[in-house]
1. Kindly evaluate residue 7 against the criterion of being surrounded by fewer than 20 Cβ atoms within 10 Å (Cβ to Cβ) and in contact with a helix residue (DSSP H, G or I) (Cβ under 8 Å, 6 or more places away or on another chain).
2. Confirm whether residue 65 is out of contact with any strand residue (DSSP E or B) (no Cβ under 6 Å at 6 or more places or on another chain) and modelled with pLDDT of 95 or more.
3. Give all pairs with beta carbons closer than 6 Å in which a residue from region 10-36 that is at negative phi and without any contact (Cβ under 8 Å) to a residue 40 or more places away in the chain meets a residue that is in a strand (DSSP E or B) and surrounded by fewer than 21 Cβ atoms within 10 Å (Cβ to Cβ); count only pairs at least 6 apart in sequence or on separate chains.
4. In region 81-95, which residues are within 21 Å of residue 14 (Cα to Cα) and under 14 Å from the mean Cα position of the chain (by Cα)?
5. How about region 16-86: which strands (runs of 3 or more DSSP E) wholly inside it have at least 3 residues that are out of contact with any helix residue (DSSP H, G or I) (no Cβ under 9 Å at 6 or more places or on another chain) and surrounded by 12 or more Cβ atoms within 10 Å (Cβ to Cβ)?
């Protein structure tokens, strides 16, 4: 049985820039075969979209709290949903 598809759009705040968080996030999403993207924001936060089977997306949301070794995630906020390109995960340019 396949889980229903789920798309989430999140804002990740804390020490998440300058520590390899985007690359780590992309690696984790790609390992889970998720679609979406990740980018740095001028505010110092990271914005990301993940799409795929709901159980795998929920797992990805859980692992976001870990990050690479020098990262520290303080909050993860839900944003208005957006639709990513299916089948690809990308690191986008900073916004």
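1. Numbers: surrounded by fewer than 20 Cβ atoms within 10 Å (Cβ to Cβ): yes; in contact with a helix residue (DSSP H, G or I) (Cβ under 8 Å, 6 or more places away or on another chain): yes.
Yes, satisfied.
2. no
3. Qualifying pairs under 6 Å: 17/40.
4. Correct list: 91, 92.
5. 46-53
The values are calculated or read from the model by the stated rules, or taken from the named source; none is laboratory data. This structure is a prediction, so every number in the text was calculated from the model and none was measured. All Cβ positions, glycine included, derive from the backbone under ideal geometry; neighbour counts span all protein chains shown.
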